[in-house]
1. Can you tell me which residues in the range 310-329 are in contact with a Gly (Cβ under 8 Å, 6 or more places away or on another chain) and surrounded by fewer than 19 Cβ atoms within 10 Å (Cβ to Cβ)?
2. Just checking, which of Lys142, Lys161, Lys118 is surrounded by fewer than 20 Cβ atoms within 10 Å (Cβ to Cβ), at pLDDT 80 or above and in contact with a helix residue (DSSP H, G or I) (Cβ under 9 Å, 6 or more places away or on another chain)?
3. What number goes with the only condition from (1) more than 25 Å from the chain's Cα centre (by Cα); (2) modelled with pLDDT under 90; (3) not charged (D, E, K, R); (4) not in a helix (DSSP H, G or I) that Ile239 does not pass?
4. Among Ala487, Ala471, which is of a type in the set (A, V, I, L, M), in the same structural domain as Tyr394 (by TED's automatic domain parsing) and not in a strand (DSSP E or B)?
5. Pull up the range 121-139, narrow it to residues that are among the β-branched types (Val, Ile, Thr) and modelled with pLDDT under 85, then point me to the one that is farthest from Leu65 (Cα to Cα).
6. Could you check, for the range 504-516, whether at least one of its residues is in contact with a Phe, Trp or Tyr (Cβ under 7 Å, 6 or more places away or on another chain) and touching a residue at least 60 places away in the same chain (Cβ under 8 Å)?
7. What are the residues in the range 32-47 that are loosely packed, with under 15 Cβ neighbours inside 10 Å and either basic (Lys, Arg) or more than 19 Å from Gly85 (Cβ to Cβ) (or both), if any?
8. I want to confirm something. Restricting to the range 525-542 and keeping residues that are of a type outside the set (A, V, I, L, M, F, W, C) and modelled with pLDDT of 85 or more, which single residue is surrounded by the most Cβ atoms within 10 Å (Cβ to Cβ)?
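The values are calculated or read from the model by the stated rules, or taken from the named source; none is laboratory data. This one's a predicted model, so the numbers in the text were calculated from it and none came from an experiment. Counting neighbours? That spans all protein chains shown, and the Cβs are built from the backbone with ideal geometry, glycine included.
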Amino acid sequence: MLMATETKNLEKLTKNLGLYLGQDQLEQVKKAYFFAANAHSGQFRVSGDPYVSHPLAVAEILGKLKMDEDCLSAAMLHDVIEDSGIPKTFLKKEFNKEVANLVDGVSKLDKVELSSKKDIQAESFQKMVLAMSEDIRVIVVKLADRLHNMRTIKYLNHEKKNRIANETIEIYAPIAHRLGMHQIYRELEDLAFQNLYPYRYKVIDQAIKKNSRGRKKILKKVESSINQKLNENGLNCSIISRRKHCYGIYKKMKKQSKTLNEVLDVYALKITTSDAMDCYKTLGVIHNAFNPIEGRFKDYIAIPKSNSYQSLHTGIITFEGLPVEIQIRTNEMDELAEFGIAAHWAYKSGKKDNPAQARARRWVNGLMEINERSESASDFVEVIKTGLVSNEVYVFTPQGDIIDLPRDSTPVDFAFALHSDIGLHCSGCRINKNLAPLSVPLESGQTVEIITDKVPQANPSWLEFIRTSRARSAIRHNLKSLKDSEARKFGKHLLEQSLNVHETKLRDVPKNKIKRLLTSLNIKSVRELLENIGSGKRSSLVVAHQIMQFLDDKEKDEVQFSNLHITGSEGLVVTYSSCCRPIPGDHVIAHFSKSRGIVIHQERCKNILPIRHDPALCSPVQWEDTLSGDFSVEIKIVAEDKAGILAEVSAVIAEYSSNIESIKSDPPIGEKVDLYILLAVTNRNNLARILRRLRRKDFVLSATRMHSWEQRNATLPIIEEVNSENR
């Protein structure tokens, strides 16, 4: 017997679905609901609600996306196989093949003997991807299922909430973004963020609301002014303000190293038009009325994003200096932007895919290719997680086709994006008709031509600079397929090449040094070492440097390389460059120096830029989470020139358990003075807290970190090598 709430919700859903579905289609959805209600009879959710309330809510979400009757029926039935033991064949008989396949694709993994819950989740995801390759609607139902589970997550225990929220933010939200389903993507991210970091979410959410209230009048004035200008030019457009979502603001703060106030001080308006030509006319009118912000214009209409998102983006300075982001697109583009692959689905009836659906199918085919090469479900999930979401670059083939890739992708990534065989045969490239290294990051607008060799051979060193999951999985698969003898031969060739950089031959290395190396690496023989190098398990560059260290018999009294995540780097000495002063949390790169071993620089350090893309000299590295110790960093404080400044600044720094190593200043200009302070911090978070505290001081005009790519002329030392008693 249906409870009153479910009856009311079913009637509401039926009414909404009736706006775009026919009577026969509605009857199928209602039949699916009553079937689910019977199958889940006596079952309840953790909240205490009847279990059938969940599939009904999932169908409501899909109804707002205007999905078809088979998809809606699958939403009603998506848990009956798992929770009620009803076989797929029975669903096929009661409904149809499509509904049965959709339900099977969304159903969680059947109980199997696996080593961990993580493996079960990975195999469940792998199964879902396989089902997606048959019918992309599987992921649409799954995303709606996940969205309702996130909306009701408060009833779960802490451990389960964290696991589901992490899975949502790492996999499901990025998939929604990849498929262009931005409404669901934004809500999934915010719900996961709210559960993982409730305090951070609360602070940002309250700041958004407070900021919006304070700027409401100015924004209304901007909207009114733009609307008037558009009407004067005969353009009939719709303008709405767009609220930024909390996790989006949080990501921008982390990526751009900005404070909450700096990120919040940007407002967004969305303008929709009837056709694409009006989008460009609208852009012209707005740029005529307000000053555009340099570097903010993006034309995603001419070159859509990989998820088929189309829009014009610009930024303008409006009344009272308020910066406003503007998005301009047609009504059809807007529907595609919000709903992605779900847009227009109910009206398809075998018609051609919309652009988002076509691109989604290509993406799923790519996932299938990666799946075939993966050794396990967990390996598959880890590989694709790295390539789900990223900023993009758009490059051209010599024939003029557009290839979209993640930011910092290389010609090797480009080659594998064209076809796996092209990637495996890749031996060189031309960028804009000029020969270029395979490791150089690509930039939007470049034309890339791949030079191929007759003999296919992936190079293990490529793994150190490629960005795409497709390239990574193909290279690993190729290297694993090598016979031991082939891997050994290839590994010896790579090690010889790396030793040549040090003007050393492998045959000239004494046997006792090789023995010490093998012992330190816990490897039984030279054969095993060479096989590891040839199959990509160990870096020839790092092994060569380890050999040179044993030859030099240097004392290892500095920070060990085991503190950093890098394959094959055990026991290697590491120093931190004084030119850019990297600290944990920075994006860093390792430079292989003959005199100093491995030297860590910031990625943007001006001294490393000329060689950063040379794999013989540099390699990307990551900080170990458990790394401890103090790291030197320089900050610049612009302050009012008055007595007592140093005492107050020193007190703030001491408050956060940081030590001052030196202080210098420029001669005062007017009533201002520039201070350059070298201090010891534990990581970026420690530094950020110090800078925030300093900025709150009335006499401090600005407090920022100094980098090697910034210029300064501080010549006046105030304190040098301050001893610990005075810190």
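1. Within the range 310-329, Pro323, Glu325 meet the criteria.
2. Unique residue meeting the criteria: Lys161.
3. With respect to (1) more than 25 Å from the chain's Cα centre (by Cα); (2) modelled with pLDDT under 90; (3) not charged (D, E, K, R); (4) not in a helix (DSSP H, G or I), Ile239 is out only on (2).
4. Ala471
5. The qualifying residue farthest from Leu65 (Cα to Cα) is Val129.
6. No - not one qualifying residue is present in the range 504-516.
7. Across the range 32-47, the qualifying residues are Val46, Ser47.
8. Step by step, filter the range 525-542, then rank; the result is Glu528.
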